[in-house]
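Asker: Quick one: structure below, then a few questions.
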Amino acid sequence: MTGHVTAPAAALADQLPGWVSLLRAPNPGPLTLDGTNTWVVRAPGAAGAIVIDPGTAEDGHLEAIAKHVPISSILVTHGHPDHVGGVVELAERVDARVFGPVPGHPPVTAGAVFTAGEVRLTALATPGHTADSVCFLAEHADVKVIFTGDTILGRGTTVIAEPDGDLGAYLDSLELLAAYDGVPALPGHGPALADCGAAARFYLAHRRARLDQVRQALADGAQTVQDVVATIYADVDRSLWPAAEWTVRAQLKYLTRQTGESAPGTMGLDTL
């Protein structure tokens, strides 16, 4: 549980609902996995579609999305460039409204409802990976799925990067998603998972185990963020250590808030 997680946090989904299509942006990398997942939602027989996370502005990817016209709305799970890079250009191509953390467009608020024919999407506020992170619960007939953005990934775990990321908020968001047992999670990166609730509980257990490791590293004399990373992320490729430093900073901030004072051995950590 406390080692570096690269596998899916739950069983993979066998198939997508017939009213969901996946288009993957050509931006693979250590943090984007196979690339950013762009989801297209259209109820059977419905005219308008909804696009979730257009991804990058790569022309071929935007052209593939545009083939799904008419598109009524473009929704964004959070404001990171690999999710919003193509939003403005796509909106112009397909004449769609944009909702999310994109300048000049309305934000997505908790409880907001969007429809694509008979498919109903409800926004869930899930801050933590970023302050603006949301998920979308989609329902059609008796079928439900949750579009989880980067809050739950198809494999591996999510980076919580200070200052926008917040571990306490992230744990609360995972508690919220843990209630969706048996509902497939359709993430911003990686494959779809069969059970959002199971994935959220795995993430919660993993994060809490990591916090225990941080506490132990500090008790053992770690003096810098880099010391903590070298101790608890020793099994992680060093090219990922900068991302691990972001997460450690979030962990230390969380622990400081929990105790109301700096943990022993953390002198100077806040300045690194």
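Asker: Count, please, the residues in the range 128-152 that happen to be open to solvent by less than 40 Å² (accessible area, probe 1.4 Å) and outside any strand (DSSP E or B).
Answerer: Within the range 128-152, residues that are open to solvent by less than 40 Å² (accessible area, probe 1.4 Å) and outside any strand (DSSP E or B) number 7.
Asker: So if I check each of VAL108, VAL88, VAL69, which one is open to solvent by 20 Å² or more (accessible area, probe 1.4 Å) and assigned to a helix (DSSP H, G or I)?
Answerer: From the options VAL108, VAL88, VAL69, the qualifying one is VAL88.
Asker: Sticking with this structure for a sec: Of the residues that make up the range 37-48, is at least one in a loop (DSSP other than H, G, I, E, B), on the phi > 0 side of the Ramachandran plot and either surrounded by fewer than 20 Cβ atoms within 10 Å (Cβ to Cβ) or touching a residue at least 24 places away in the same chain (Cβ under 8 Å) (or both)?
Answerer: Residues of the range 37-48 that are in a loop (DSSP other than H, G, I, E, B), as a first pass: 42-48.
Next cut, on the phi > 0 side of the Ramachandran plot only: 45.
Next cut, either surrounded by fewer than 20 Cβ atoms within 10 Å (Cβ to Cβ) or touching a residue at least 24 places away in the same chain (Cβ under 8 Å) (or both) only: 45.
Scanning the range 37-48, I find at least one residue that is in a loop (DSSP other than H, G, I, E, B), on the phi > 0 side of the Ramachandran plot and either surrounded by fewer than 20 Cβ atoms within 10 Å (Cβ to Cβ) or touching a residue at least 24 places away in the same chain (Cβ under 8 Å) (or both), so the answer is yes.
Asker: Could you check ALA244 against (1) of a type in the set (A, V, I, L, M); (2) within 27 Å of GLY55 (Cα to Cα); (3) at pLDDT 95 or above and say which number it fails?
Answerer: Every condition holds for ALA244 apart from (3).
Asker: Related question: Do we find that PRO54 is surrounded by 14 or more Cβ atoms within 10 Å (Cβ to Cβ), of a type outside the set (Val, Ile, Thr) and part of a loop (DSSP other than H, G, I, E, B) in this structure?
Answerer: yes
Asker: Give the residues of the range 195-218 that are open to solvent by 10 Å² or more (accessible area, probe 1.4 Å) and among the aromatic types (Phe, Trp, Tyr), sorted by residue number.
Answerer: PHE202
Asker: Which of the residues that make up the range 124-161 are small (Gly, Ala, Ser) and closer than 28 Å to LYS253 by Cα?
Answerer: Selection gives ALA125, GLY128, ALA131, SER133, GLY149, GLY154, GLY156, ALA161.
Asker: Still on this model: Exactly one of these conditions fails for ALA116: (1) at pLDDT 95 or above; (2) crowded, with 22+ Cβ neighbours inside 10 Å; (3) in contact with a strand residue (DSSP E or B) (Cβ under 8 Å, 6 or more places away or on another chain). Give me its number.
Answerer: Only one criterion in (1) at pLDDT 95 or above; (2) crowded, with 22+ Cβ neighbours inside 10 Å; (3) in contact with a strand residue (DSSP E or B) (Cβ under 8 Å, 6 or more places away or on another chain) is unmet by ALA116, namely (1).
Asker: Confirm whether ALA10 is assigned to a loop (DSSP other than H, G, I, E, B), open to solvent by 70 Å² or more (accessible area, probe 1.4 Å), in contact with a Leu (Cβ under 8 Å, 6 or more places away or on another chain) and of a type in the set (Gly, Ala, Ser).
Answerer: Values: assigned to a loop (DSSP other than H, G, I, E, B): yes; open to solvent by 70 Å² or more (accessible area, probe 1.4 Å): no; in contact with a Leu (Cβ under 8 Å, 6 or more places away or on another chain): yes; of a type in the set (Gly, Ala, Ser): yes.
In short, no.
Asker: Would you mind finding the one in GLY182, GLY221, GLY190 that is at positive phi and either crowded, with 18+ Cβ neighbours inside 10 Å or out of contact with any Gly (no Cβ under 9 Å at 6 or more places or on another chain) (or both)? Step through it out loud before you land on a result.
Answerer: Working: GLY182 fails: either crowded, with 18+ Cβ neighbours inside 10 Å or out of contact with any Gly (no Cβ under 9 Å at 6 or more places or on another chain) (or both); GLY221 fails: either crowded, with 18+ Cβ neighbours inside 10 Å or out of contact with any Gly (no Cβ under 9 Å at 6 or more places or on another chain) (or both).
Unique residue meeting the criteria: GLY190.
Asker: Residue check: is THR77 within 20 Å of the chain's Cα centre (by Cα), crowded, with 22+ Cβ neighbours inside 10 Å and part of a loop (DSSP other than H, G, I, E, B)?
Answerer: yes
Asker: On to the next question. Can ALA64 be described as over 17 Å from the mean Cα position of the chain (by Cα), within 30 Å of GLN213 (Cβ to Cβ) and open to solvent by 30 Å² or more (accessible area, probe 1.4 Å)?
Answerer: In short, no.
The values are calculated or read from the model by the stated rules, or taken from the named source; none is laboratory data. What you are looking at is a predicted structure, and each value in this text was computed from that prediction instead of being measured. With ideal geometry, Cβ positions are generated from the backbone for all residues, glycine too; neighbour counts draw on all protein chains shown. Protein only, heavy atoms only, side chains kept; ligands, DNA and RNA dropped before computing areas. Shrake-Rupley method; radii C 1.70, N 1.55, O 1.52, S 1.80 Å.
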